[in-house]
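The values are calculated or read from the model by the stated rules, or taken from the named source; none is laboratory data. Bear in mind that the values here come from a model prediction, so they are computed numbers and not experimental data. For neighbour counting, all protein chains shown are included, and Cβ atoms are generated from backbone atoms with ideal geometry for every residue, glycine included. These accessible areas exclude ligands, DNA and RNA; they are computed on the full protein's heavy atoms, side chains included. Shrake-Rupley method; radii C 1.70, N 1.55, O 1.52, S 1.80 Å.
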Amino acid sequence: MQGPLIDTLARRGISRRTFLKYCATLASMMALPPTAGRAMAEAMAAARRPSVIWLPFQECTGCTESITRSHSPTIEGMIFDMISLDYQETLMAAAGHQAEEARANAMKENAGKYLLIIDGSIPLKMDGAYSCIGGRSNVDLLKEAAAGAAAIVAMGSCASYGGIPKANPNPTGAVSVSDIVKDKPIVNIPGCPPIPAVMTGVLAHYLTFGSLPELDDKGRPKAFYGDTIHDRCYRRPFYDQGKFAKTFDDEGARNGWCLFELGCKGPVTHNACATVKWNGGTSWPVESGHGCLGCSEPDFWDGGSFYKALSTPADPLKFAAAAAVVGAGVGVAVSFANRAKKNAAKTTHETTTLADLEK
Amino acid sequence: MNELQFLTWTRGPGLNIAVGILLLGVLWRLIEIYTLGRKKDLAAPRHAAGASGLHTVFRRSLPPPGMLKRSPVSYIGGYLFHVGLAIIVFLGAPHILLIKNLIGLSWPALPSQFIGLAAVVTMAAMVVVLFDRINKPVKHFLSTFEDWFTWAVTFLPVLTGWMATQHLLLPYTQMLALHILSAEILLVVLPFSKLFHGFTLFGSRWYNGRVNAHKGVPV
């Protein structure tokens, strides 16, 4: 599959018109000006497939599942196919030494130009022994691969922020890509898993403009992570009206009311689920009746129960009863002290008579 | 500490500490105040219409004759921000949810837009009352650090809560965490400052009314 992308697409039955529409959609999704759609189409159509190396570290393969399985029949899947994915353990046919050789070759041939995708966190405890590939620790592999990369994409919450492996008590000493690599442009695409369209959007931007899209303070593309789930949620009007589902099977739940009281983390979660949706636009967690877990935010796993509303205590109150007892005890003690003081004053009180005053 | 960790801290250990100090302080002070006792009044009680503890509890909520005209800002501003605070705290959906989670009681909420309006009115009233305190020489003279401090401690939760829901200045997560933190500071300060009037108000009115009723004076 060499040659410009547009030819490859044409061979696969994708018309130029469909491709242009796709680019326009991507451009508008990323809040780029209308002209960017055409620029994107031209740049992408002419693009030679850039080399992409995908390294899986301490992960569950959910990110790969998300990208490949749910979107393989769509044009996003095609575009994804059109990059030269030189190393991806789950998808590649090669195994063992052959696979490692493919990685080494890709890194050598495209030194300084390849795009490095990481999914999974990087364990640091016990010299990284918790996760190794071909006898080498993840941290070692990451440092080597990052050195020749043009840019790095941290796929999923684990690579972006440490994710579930980093959850308290973090037994493996898991860290994110940006904790280790400091000298390369890194774009975080958090989510557990992230939305496939976000991934292709970032790739398209990179192919078109030769740079990563504008990022927020957590390294996420603003175009997709600029709004919270809550702000874009179709159930938002119910929140504003104070109409909440109280349980997962009550009248409110059946009427599609707001899931805030059932622990929805939409108000503090930045992601594009509410607009881009999942499974080719079929649905998304809140639409299917479950509150947002906040999976695209750092340390979402340690943010209290998924089923407790944001305005309620993250944990049951621990000191309340003890504090009440101590408070009552102090009150009683102080009142005894006050009584004693009064009684002492009473006993030492000397009566003043008229005769005393006339002295 | 990122903002979600900050928020989780305010919802977890922070709330724990704040509620603990509030309960400790409130019980301590209430028990201390109510066990102080007074000497028995040996004079025979006089009777007058309208002189009782209960009458005074209500009467003290109304301005004495002529006072509304003399200091309208204190009365109208005071009413507005007290009623506004009560609406926000007791009729805002997230607040009711917190109360339900803590003590199990709940009731219907008002729409969030109405709570937002109440917050704006409350803040405006509080700012006007503050300027009045600064501008009126007597009020200014009588004000101590505690007065300025308790004003700020009361104002901040309203401001941060409103800014969080309106998405102003900081991202929602940070503002929400600041809002909860400021409310926790209020809870900690409450039992040990003049804000304790929230708990002693009716008791002290009753007491004053009762003493005056004994003397046959409706106040």
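Data overview
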read-out: Degrees separating the helix B:145-166 axis from the principal Cα axis of chain B, which is the longest one; value: 40
read-out: Value in Å of the Kirkwood radius, where the protein assembly as shown supplies the Cα pairs that are averaged; value: 28.7
read-out: Fully extended contour minus Cα-Cα distance, from residue A:108 to residue A:94, at 0.36 nm per residue; value: 3.2 nm
read-out: Three-way shape call for chain B based on the alpha-carbon gyration tensor, with the a/c threshold at 1.5; value: prolate
read-out: Whether region A:120-239 is rounded, prolate or oblate, judged on the alpha carbon gyration tensor where a/c under 1.5 counts as rounded; value: oblate
read-out: A:85, B:190, A:115, reordered so the largest accessible area comes first (probe 1.4 Å); value: A:85, B:190, A:115
read-out: For residue A:236, net neighbour charge (Lys/Arg +1, Asp/Glu -1) across residues whose Cβ lies under 14 Å away; value: -1
read-out: Peptide-level mean, for B:1-9, of C-beta atoms on other protein chains within 10 Å; value: 5
read-out: Accessible-area value, residue A:54, 1.4 Å probe, nucleic acids and ligands omitted, Å²; value: 0
read-out: Neighbour net charge for residue B:112 - beta-carbon separation under 12 angstrom, K R +1, D E -1; value: +1
read-out: Solvent-accessible surface (1.4 angstrom probe) belonging to residue B:175, in square angstrom, nearest 10; value: 10
read-out: Largest to smallest accessible area among B:9, B:162, B:206 [probe 1.4 Å]; value: B:206, B:9, B:162
read-out: Sequence-distant residues sharing a close amide H with residue A:117 (under 5 Å, placed H); value: A:53, A:54, A:55, A:153
read-out: Most to least accessible of A:326, A:177 (protein chains only, probe 1.4 Å); value: A:326, A:177
read-out: Protection proxy ranking, peptides A:149-157, A:228-236, average beta carbon neighbours within 10 Å, highest first; value: A:149-157, A:228-236
read-out: Prolate/oblate/rounded call for region A:24-65, Cα gyration tensor, a/c under 1.5 rounded; value: oblate
read-out: Sites residue A:336 and residue B:43, calculated FRET efficiency, Cβ-Cβ separation with R0 30 Å, nearest 0.05; value: 0.50
read-out: Neighbourhood net charge (14 Å Cβ-Cβ; Lys/Arg +1, Asp/Glu -1) for residue B:46; value: +1
read-out: Inter-part distance where region B:31-45 and region A:95-121 are each reduced to a Cα centre, Å; value: 86
read-out: Number of partner chain Cβ atoms within 10 Å, mean per residue of A:296-305; value: 3
read-out: Per chain A, cysteines lacking a partner by the 4.7 Å Cβ criterion; value: A:23, A:60, A:63, A:132, A:158, A:233, A:258, A:264, A:273, A:292
read-out: Added length on full extension, which subtracts the Cα-Cα distance from 0.36 nm per residue, residue A:179 to residue A:217; value: 12.2 nm
read-out: Rounded to whole Hz, the Karplus (6.51, -1.76, 1.60) HN-Hα couplings of region B:5-21, x for glycine and proline; value: 5, 4, 4, 5, 5, 5, 7, x, x, x, 5, 3, 5, 5, 5, x, 5
read-out: Expected 222 nm ellipticity per residue - DSSP helices of 4 or more, -39500 (n - 2.57), all of chain B, to 500; value: -22500 deg cm²/dmol
read-out: Structure-based [θ]222 nm, chain A - -39500 (n - 2.57) summed over DSSP H runs of at least 4, per residue, nearest 500; value: -12000 deg cm²/dmol
read-out: Sorted peptide list for A:310-316, A:186-192, A:334-340, A:4-10, criterion being average Cβ within 10 angstrom, highest first; value: A:186-192, A:310-316, A:4-10, A:334-340
